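A short reminder: the numbers here are calculations on the coordinates, not readings from a lab. Fair warning: this is a prediction, and the values are worked out from it, not measured in the lab. For neighbour counting, all protein chains shown are included, and Cβ atoms are generated from backbone atoms with ideal geometry for every residue, glycine included.
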Amino acid sequence: MPTNPVRSPTVLPGEELISRGVADLRQGRETEAALLVQIAAPRLRSLGLDVPAGVAPNGEPAEHRLYALLASRSDAHSQYNALLARMASYARAAEHATRR
């Protein structure tokens, strides 16, 4: 479980997804959550989260791997955008909370 830089009893939107992604990366699992965290790693690290480096097979970007993972679904594009929006929502909330 990552150390949350925000010391608040309130859970940030999308926090469970980010926590799961960090845990999956630590376990070497390539899941939707892990790939999302890889995509957002620079921003999440700037918030103080300890985000492990993921392994990119053949140097393929995490964005492409996430979309490929979702591709079997009829709503892949919507799901991809929804995941990115949840991550952005988490990051915005964490940024706001750290400015207090």
query = When a footprinting reagent is the concern and you count Cβ atoms within 10 Å, what order do V22, V55, V37, V11 take, fewest first?
reply = V55, V11, V22, V37
request  = For V11 and R92, calculate 0.36 nm times their separation in residues minus their Cα-Cα distance, and state this gained length in nm to one decimal.
outcome  = 27.8 nm
Stretchable slack from Q27 to A68, in nm (0.36 nm times residue separation minus alpha-carbon distance) = 12.7 nm
query = Which one, [x] 27, 12, 11; [y] 32, 15, 11; [z] 23, 15, 11, gives semi-axes √(5λ) of the Cα gyration tensor in Å as derived from the coordinates shown?
reply = [z]
Lys, Arg +1 and Asp, Glu -1 on Cβ, resulting dipole of the chain about Cα centre, debye, nearest 20 = 360 debye
ask   = Could you give the length gained on full extension between N81 and V55, defined as 0.36 nm per residue of separation minus the Cα-Cα distance, in nm?
value = 7.1 nm
message = Just to check I understand the Karplus step: with θ = phi - 60° and J = 6.51 cos²θ - 1.76 cosθ + 1.60, what whole-Hz values come out for region 13-25, glycine and proline as x?
response = x, x, 4, 5, 5, 5, 4, 5, x, 5, 4, 5, 4
query = To the nearest 500 deg cm²/dmol, what mean residue ellipticity at 222 nm is calculated for the chain from DSSP H runs of n ≥ 4 alone, each contributing -39,500 (n - 2.57), summed and divided by the residues?
reply = -19000 deg cm²/dmol
key: Karplus 3J(HN,Hα) series, Hz, for region 60-67 with 6.51 cos²θ - 1.76 cosθ + 1.60 (x for Gly, Pro)   = 5, x, 4, 4, 5, 5, 5, 5
remark   = Rounded to the nearest 10, the angle in degrees between the Cα long axis of helix 32-46 and the longest principal axis of the Cα atoms of the chain comes to 40 degrees
note = For the chain, the charge dipole (Cβ of Lys, Arg +1; Cβ of Asp, Glu -1; about the Cα centre) points to a positive end, and the Cα of A34, P61, L44 closest to that extreme belongs to L44
Euclidean distance of C-alpha centroids, region 18-33 and region 63-100, integer Å = 14 Å
